[in-house]
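The values are calculated or read from the model by the stated rules, or taken from the named source; none is laboratory data. Small disclaimer: the values here were computed from a predicted structure and weren't measured. Glycine also receives a Cβ, built like all others from the backbone with ideal geometry; neighbour counts cover every protein chain displayed. SASA here: full protein model, heavy atoms, side chains in, ligands and nucleic acids out. Shrake-Rupley method; radii C 1.70, N 1.55, O 1.52, S 1.80 Å.
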Amino acid sequence: MQRLAARKPPHIELDDLISWGIVGLLDAMGKYNPKKEASFSTYAQFRIRGAILDHLRSLDWVPRSVRQKASLIEKTGHTLEGTLGRPPTEDEIAEELGMSLETYQDLLTRVGEMSLFSLEDLGFGSAEERLRLDRRLEEGEVDPLGALLTQERVSLVAEAIARLPEREKVVVTLYYHEELTMKEVGAVLGLTESRVSQLHSQAMLRLKAPLSRHFGNEEA
């Protein structure tokens, strides 16, 4: 809940998150089966998080034009990477799009508001996927094929992140692996929270194409 609260849009109140979380908790209480599910605390955690994210995404507060521009940034970056043989810089993408660097970075800030745009939105590490993994671990279930598939997915994501420019790689690592907030990441790197958000957005757009190909999520 604390991480979601730190990432919520400014016009969403904490009380709203709490209310949506209660809906998830009630859903968990009604559907929990101790014979099939993980521990109730684990099960409830993902139901609560899922309920909050569902409500946030249903609000769809980002204009369609921003989503279209996010898709254009993604495609432009992918094309430039193929031409240059390396990830393009922000200056190179901005120039290709006919924008100033400042305008481009402002657009990245808007893209960062897209429904908590994250690795989960790229089809990896969804709540249900992690819940299934937790169930296997808690139940001591030995599933060689499942373990292999999970390892393959993790390897694909790790390889994609390793190809990111250094600062974007550090932001993604601190944000997802160390579970720091944008503000905390900024404190570590000596950057503003807004700049961290821009770097996170840029990283997600770079990762979207390669991960979508593997995980079957082709939505812009």
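Assorted remarks:
- Filter result for G112 (within 30 Å of Q45 (Cβ to Cβ) and at pLDDT below 65): no
- If the condition is being basic (K, R) and under 22 Å from E193 (Cβ atoms), then segment 70-110 contributes only R110.
To keep it simple, each residue is scored yes or no on (1) open to solvent by less than 30 Å² (accessible area, probe 1.4 Å); (2) modelled with pLDDT under 95; (3) outside any helix (DSSP H, G or I).
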{"position": "S65", "(1), (2), (3)": "no, yes, no"}
{"position": "A70", "(1), (2), (3)": "yes, yes, no"}
{"position": "K75", "(1), (2), (3)": "no, yes, no"}
{"position": "E81", "(1), (2), (3)": "no, yes, no"}
{"position": "P87", "(1), (2), (3)": "no, yes, yes"}
{"position": "E92", "(1), (2), (3)": "no, no, no"}
{"position": "M99", "(1), (2), (3)": "no, yes, yes"}
{"position": "L107", "(1), (2), (3)": "yes, yes, no"}
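- Scanning segment 158-189 for residues that are of a type in the set (A, V, I, L, M) and without any contact (Cβ under 8 Å) to a residue 12 or more places away in the chain, we see that the one that is farthest from E90 (Cα to Cα) is L180.
- Only one entry in L156, L189 is farther than 18 Å from V111 by Cβ, modelled with pLDDT of 90 or more and either of a type in the set (A, V, I, L, M, F, W, C) or open to solvent by less than 60 Å² (accessible area, probe 1.4 Å) (or both), namely L189.
- Of the residues making up segment 177-186, those that are within 17 Å of the chain's Cα centre (by Cα), part of a helix (DSSP H, G or I) and crowded, with 17+ Cβ neighbours inside 10 Å are M182, V185.
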